[in-house]
Amino acid sequence: MPFKRYVEIGRVALINFGKEYGRLVVIVDVIDQNRALVDAPDMVRSQVNFKRLSLTDIKIDIKRVPKKKELVKAMEAADVKNKWENSSWGRKLIVKKRRASLNDFNRFKLMLAKIKRAAVVRQELSKLKKST
Amino acid sequence: MAQKQRTRKVSRNPELIRGIGKYSRSQMYHKRGIWAIKAKNGGVFPRHDPKPKPESPAEKTPKFYPADDVKKPLLNKHKPKPTKLRASITPGTVLILLAGRFKGKRVVFLKQLPSGLLLVTGPFKINGVPLRRVNQSYVIGTSTKVDVSAVNVDNFDDKYFSKEVQKKKKKGEGEFFEAEKEEKSVLPQQKKDDQKTVDSLLLKAIESVSDLKAYLGARFSLKAGVKPHELVF
C-alpha cells in the first residue's frame, strides 16, 4: 500500500507521452510541483511534466544537476542499462519493439512456430489426460 | 591534335539584379573585343555570306485551297515514360497483390514492362499465379527478396500479353438456332513452356530459403487487432 518509487534526484524514469516517448531519463532536479528537470546521456537536459514520466525501480547516486560527464559516469557505475534490460518491464518493452518491427515473412514464420508449439503442448496434454 | 575542349560560355557581364548588368553597352563592346576583331579585319566586322543552297525544283502552286482555314493541331512531342518504380520494388521482391482474382496472394516480381506494369509470377506451381502483368498501385512491396538473377525475362514485353484479335463471325439464320459453339480459348503451349522455364529456376531459389515456399503459397489477410498503418512490410 505505501509508495515504493519516489520522485527524487537520481530516480530513473520512462517518458510515456510526447516526442520523447519511450526514453529512459534520470531526474536531476525538481522544478516545481509539476515539473522535473530530466537528463539522459544522449539528450539535451530539459524539463518534463511528472504526468509524462513513469517512475522505475532504478535509482542512481548523483548530486543535484550533475554535469553530463558525471551523469554518464554515475549511470555506468549503477549499470542502469543492464538493470533495465533485465528487468521484466524492460524485457517486455524490448519484445514489444521486436514484434512491431517484424517483416511480413517473419510474421508468417512466427505463426508457423506458434502452431507448432501449440501442437506439442496439446499432444502432451492429451497424453496426460489419457494416463489419468 | 585533340579537339579543343570548349569551356562553357560564361557571360562577361555579371548580373547586379535580374535584368540589369554591371557594364554598359559601350563597356561590353570593349570587353568583347569587337574593336580588336575589326582592327584585324580592316575596320569592318568579318562577314560570312550564306553558303549557296543547292537548287531546289520550282514548287508548283497547289491546285486546291480549302474553303475555310483549317486549324493545325498543336504540336505535342510528349513521349510517355513508364511509371516510376517504387524504391522498395526491385527484381525478386515478394509483392502482395491487393486486387483482382489473385488478391492477397504473395507473388514474385520479375521486371517492369515498358508500359509501366509489373511482370509478376506466382510461381504457378506454388500459388497458381501465372506470368502476369500487375499495376504498381495495387501492390504492397514487402522487404523479402528472392534471388532472380538466374531467370531470363528479356523476351517478355507488353505484346506478349495482348489479347488475341477475335475474327468476326458472320451470323447466318441457320446458325442462330444451332447451339452456339463456344470456342474455348486454349492457352498456347508456348506460354505454358515459358511459365515452366521461368518457374523452374525460381523454385530452386525459393526452396533454398526455409518456409518461403509455404509463405508464397499462403494468402495475406488482416486479422482482428491488426492495424495496417502500423504493420511493417
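The values are calculated or read from the model by the stated rules, or taken from the named source; none is laboratory data. Note that the structure is a prediction, hence the values are computed from the model and not measured. Here the Cβ is made from the backbone with ideal geometry for all residues, glycine too, and neighbour counts use every protein chain on show.
Structure notes:
- If you go through segment A:20-34 and keep only what is under 15 Å from the mean Cα position of the chain (by Cα) and not β-branched (Val, Ile, Thr), you end up with A:GLU20, A:TYR21, A:GLY22, A:ARG23, A:LEU24.
- Among residues of segment B:96-109 being charged (D, E, K, R) and surrounded by fewer than 18 Cβ atoms within 10 Å (Cβ to Cβ), the one that is farthest from the other protein chains (Cβ to nearest Cβ) is B:ARG101.
To keep it simple, each residue is scored yes or no on (1) over 30 Å from B:GLY217 (Cα atoms); (2) in contact with an Asp or Glu (Cβ under 8 Å, 6 or more places away or on another chain).
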| position | (1), (2) |
| --- | --- |
| A:LEU71 | yes, yes |
| A:GLU76 | yes, no |
| A:LYS81 | yes, no |
| A:GLY90 | yes, no |
| A:LEU93 | yes, no |
| A:LYS97 | no, no |
| A:PHE108 | no, yes |
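- Residue tally, condition of a type in the set (A, V, I, L, M) and surrounded by 10 or more Cβ atoms within 10 Å (Cβ to Cβ), over segment B:39-87: 2
- Filtered residues of segment A:99-118 (kept if within 11 Å of another protein chain (Cβ to nearest Cβ) and basic (Lys, Arg)): A:ARG99, A:ARG107, A:LYS109
Table: residues versus (1) over 30 Å from B:VAL10 (Cβ atoms); (2) of a type in the set (A, V, I, L, M); (3) not in a loop (DSSP other than H, G, I, E, B).
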| position | (1), (2), (3) |
| --- | --- |
| B:TYR23 | no, no, no |
| B:GLN27 | no, no, yes |
| B:LYS31 | no, no, yes |
| B:TRP35 | no, no, yes |
| B:ALA39 | no, yes, yes |
| B:PHE45 | no, no, no |
| B:PRO50 | no, no, no |
| B:GLU55 | yes, no, no |
| B:ALA58 | yes, yes, no |
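- Subset of segment B:136-154 (residues that are small (Gly, Ala, Ser) and surrounded by 14 or more Cβ atoms within 10 Å (Cβ to Cβ)): B:GLY141
The rows are residues; the columns are (1) at pLDDT 90 or above; (2) among the hydrophobic types (A, V, I, L, M, F, W, C); (3) under 23 Å from the mean Cα position of the chain (by Cα).
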| residue | (1), (2), (3) |
| --- | --- |
| B:LEU98 | yes, yes, yes |
| B:ASN135 | yes, no, yes |
| B:ASP158 | no, no, yes |
| B:GLN166 | no, no, no |
| B:GLY174 | no, no, no |
| B:GLU178 | no, no, no |
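- Restricting the first member to segment B:204-219 and to residues that are within 11 Å of chain A (Cβ to nearest Cβ), and the second to residues that are assigned to a helix (DSSP H, G or I), the beta-carbon pairs closer than 6 Å and six or more apart or on different chains are B:ASP211/A:LYS109; B:LEU212/B:ILE206; B:TYR215/A:PHE105; B:TYR215/A:PHE108; B:LEU216/B:ILE126; B:LEU216/B:ASN127; B:GLY217/B:ILE126; B:GLY217/B:ASN127.
- Total residues in segment B:131-156 satisfying the condition of being assigned to a loop (DSSP other than H, G, I, E, B) and either in contact with a Gly (Cβ under 9 Å, 6 or more places away or on another chain) or hydrophobic (A, V, I, L, M, F, W, C) (or both): the figure is 10.
- Of the residues making up segment A:5-16, at least one is acidic (Asp, Glu) and either farther than 16 Å from A:LYS83 by Cβ or without any contact (Cβ under 8 Å) to a residue 40 or more places away in the chain (or both).
- Residues of segment A:62-92 satisfying the condition of being part of a helix (DSSP H, G or I) and surrounded by 16 or more Cβ atoms within 10 Å (Cβ to Cβ): A:LEU71, A:ALA74, A:MET75, A:ALA78, A:VAL80, A:TRP84, A:GLY90
- Answer from B:THR121, B:THR93 - the residue that is within 14 Å of chain A (Cβ to nearest Cβ), in contact with a strand residue (DSSP E or B) (Cβ under 7 Å, 6 or more places away or on another chain), closer than 23 Å to B:ALA214 by Cβ and polar (S, T, N, Q): B:THR93
- Among the conditions (1) in a helix (DSSP H, G or I); (2) loosely packed, with under 13 Cβ neighbours inside 10 Å; (3) in contact (Cβ under 8 Å) with a residue 12 or more places away in the chain, A:GLN47 misses just one, which is (1).
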